[in-house]
Amino acid sequence: MVHWSDVIGARLVEQRPDHLVNTGITPSGEFHIGHLREMLTGEMIARGVRKAGGTAELCFIIDSADPLRKVYSFLDEAYAEYIGVQLFRIPPPDADGKPDLAAFESGTTYADHFLAPFLEALDMLGVRPRLVYNHQAYAEGRYVEHVRTALQQRDRVRQIIEEISGRELTADWWPYSPVDERGCMDGLKVTGFDDTHVHWQAEDGRTGSCDYTVGEGKLPWRLDWPAKWVWLDVTCEAFGKDHGTTGGSYDTGAELCRLFGAEPPEGLTYEWISLRGQGAMSSSAGTTVGPIEALRLVPPEILRYLIASTKPAKAIEFDTGMGLVNLADAYERLLRHDLEAKLEDEELSRRKRVAIEDDISATRLSSVEERNDRPGAVGVTFRHLAMLAQIRSSDEQVWDMIPNEGVDRREFDARLNRMRHWISSHHFPDEMRVGIRDKPNAERLADLTPEEEALRMALIRNFEASLETGWNEANLSANVPDAAREVELPLREAYRLTYELLLGVDVAPKLAPLLAAMEPERVLHLMRGE
RNA sequence: GGGCCUGUAGCUUAGUCAGGUAGAGCGACGGACUCUUAAUCCGUCGGUCGCGGGUUCGAACCCCGUCAGGCCCGCCA
């Protein structure tokens, strides 16, 4: 019981049996894998609660009532007119970043546009939360009481925010953001309120009133959040470290939540995910790996495993190159071990026991479906599959080359498909590419020991013989061991030399399939050095 | 300026809340598997726990200070 999801799950169930784990994201731009941490952390907490014997629902509040802050880099300047307008009221961008009015007419909003692919990715990852569109919650009057309380106790609200965040609010600050006739929030000053309306005046003198019982306008973020907690009876929420800092919005939210008459939910701060070599994920910077793109390269289980195996407080550097290979191989290796059997060992130190239990929890959480057993291994590591996919274009042949007993064929095909996609992408690391030399390895050839020279001659004879008997995998596979035996050189050395001469590296994939895939003349040319 | 998080072997990290001889995986190195070598198994090497003080019989862990990276105190997962 040491995995973070188990710890928090148990703590929650101690308090009460039924839980609502909340998440929330503003759909202001393209979603990225950073947002996946928000969702997966919440989902894993919910599983932790269920494992501890409680019930838990996962909720995803889409902050569609938030305004467009600025014209992001991926948007056309035409969006300038929508700054300050709520995201559910503005058109989605088209391929050029221009407002797509046609799509808007047919019902797709800016928020929907960015949300759709994210929801698709979530589904693939097994995250299926109850969806709440915040603008609808406002329209349905879910926050009427909280708005009223905030307006009536404006000074108290101000005091809480100022004291806890240490920030000074302006004299004309109000705990409500009204919208004008266009749905724009910018530049409006609140002039008063009554039981149902907030009155405002714009910079240009226009005045108006917002009916807050039907969702005209919204609470500012620091009040919006605790109002959600109270309405939905949220018992736990994981949030980014920006909210978790002392005096941050969780702290003020907790106090405002009490003002609304409820206890705040359990909070869990998580760190950001950054892209290796680039900075933090930012929707506006454009240098992101979207959830969909990530899932084209990585099986959902591995993405889940990444989140599950990293404590929330730890920053993650998402690496689509060698780091991905290492992660995926570590995962595959873990699945092959019978961790449950290892636990039976009475001699285990407490630490080792805990480490194994941790691995069990993390691998269970990696499963897209919530279940008590762990996913089965697929039979190949990423590394090995990367090689096989490069030397064989037929999926059927690759399948035959792995120990496929008990492996789900569809699962395997899906993984191979992603592997091929990865190989053809710019993410695939050069050091993983199987490269056959164009020219003989002159340096190495000039530097052979007598034994190595004897081996080389034997190899050439064997390859020439294979020309007669058939240049196929079965015939070729014996060539190196035969030659090694003949000259009494360790097999290891024999392979090493062969690789050096053919590929220029001393460690490589299985040789026979590679040889069979090569032109015989090319092999002999490289071996002879002429 | 105030605050939060992170810093442990070449790499990824566990252990920090409840102080008790630093654990693991990868890589490297060595060996085994006598048709193998990105496969599998076994073994070895590798750590001044960012740094400096303090408390303690004993500190990676607690306290103070300090350095580095990231973040918050408008909005941001």
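The values are calculated or read from the model by the stated rules, or taken from the named source; none is laboratory data. Bear in mind the structure is a predicted one, so any value in this text is a computation, not a measurement. In this analysis, Cβ positions are derived from the backbone assuming ideal geometry, glycine residues included, and neighbour counts consider all displayed protein chains. For the accessible areas, the whole protein counts, side chains as well, though only heavy atoms, and no ligand, DNA or RNA atoms are used. Shrake-Rupley method; radii C 1.70, N 1.55, O 1.52, S 1.80 Å.
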Fill in: Beta bridges per DSSP with both ends in the stretch A:1-98, % antiparallel, nearest 5
10 percent
Practice prompt. Averaged over every viewing direction, what's the projected area of the C-alpha convex hull for the stretch A:442-528? Give it in nm², one decimal, please.
Written response: 4.9 nm²
Fill in: Listed residue (A:Val368, A:Leu515, A:Thr41) projecting farthest to the positive dipole end of chain A, Cβ model
A:Thr41
Response to the item:
For chain A, the charge dipole (Cβ of Lys, Arg +1; Cβ of Asp, Glu -1; about the Cα centre) points to a positive end, and the Cα of A:Trp229, A:Gly529, A:Leu491 closest to that extreme belongs to A:Trp229
Worksheet entry | Spatially proximal aspartates and glutamates relative to A:Lys439 (Cα-Cα < 16 Å; intrachain offsets below 8 disregarded) | A:Glu500, A:Glu519, A:Glu521, A:Glu530
Item to complete: Would you mind computing Rg(Cα) / (2.2 N^0.38 Å) for the stretch A:382-432, counting N as its residues?
Response: 1.10
Discussion item. Give me Rg/Rg_expected for the stretch A:177-217, where Rg uses Cα atoms only and Rg_expected = 2.2 N^0.38 Å with N residues.
Written reply: 1.00
Worksheet item: Over the Cα atoms of the stretch A:317-410, what Rg and Dmax result, in angstrom?
Response: 15.7, 48
Worksheet item: Separation of the stretch A:181-246 and the stretch A:115-143 by C-alpha centroid, Å?
Response: 20 Å
Discussion item. Tell me the Rg and the Dmax, in Å, that the Cα atoms of the stretch A:42-111 produce.
Written reply: 17.7, 53
Response to the item:
Rounded to 0.05, the calculated FRET efficiency for the beta carbons of A:Glu488 and A:Met124 at R₀ = 45 Å is 0.25
Discussion item. Order A:267-274, A:382-389, A:440-447 from most to least packed using the mean count of other Cβ atoms within 10 Å.
Written reply: A:382-389, A:267-274, A:440-447
Discussion item. What's the whole-number percent of alpha carbon pairs in chain A lying beyond 37 angstrom?
Written reply: 46 percent
Worksheet item: So which lysines can A:Lys218 reach, going by Cα to Cα under 20 Å and dropping same-chain residues fewer than 8 places off?
Response: A:Lys70, A:Lys189, A:Lys228
Worksheet item: log₁₀ I(q)/I(0) of the stretch A:117-216 at q = 0.19 Å⁻¹, via Debye over equal Cα point scatterers, no solvent, to two decimals?
Response: -0.95
Item to complete: Take every DSSP beta bridge with both residues inside chain A and express the antiparallel ones as a percent of the total, to the nearest 5.
Response: 40 percent
Worksheet item: Once all Cα-Cα distances of the stretch A:133-192 are split into 5 Å bins that start at 0, what whole-number percent is in each one?
Response: 4, 16, 21, 24, 21, 12, 3
Worksheet item: How much accessible area per residue does chain A have, in Å², with a 1.4 Å probe?
Response: 46 Å²
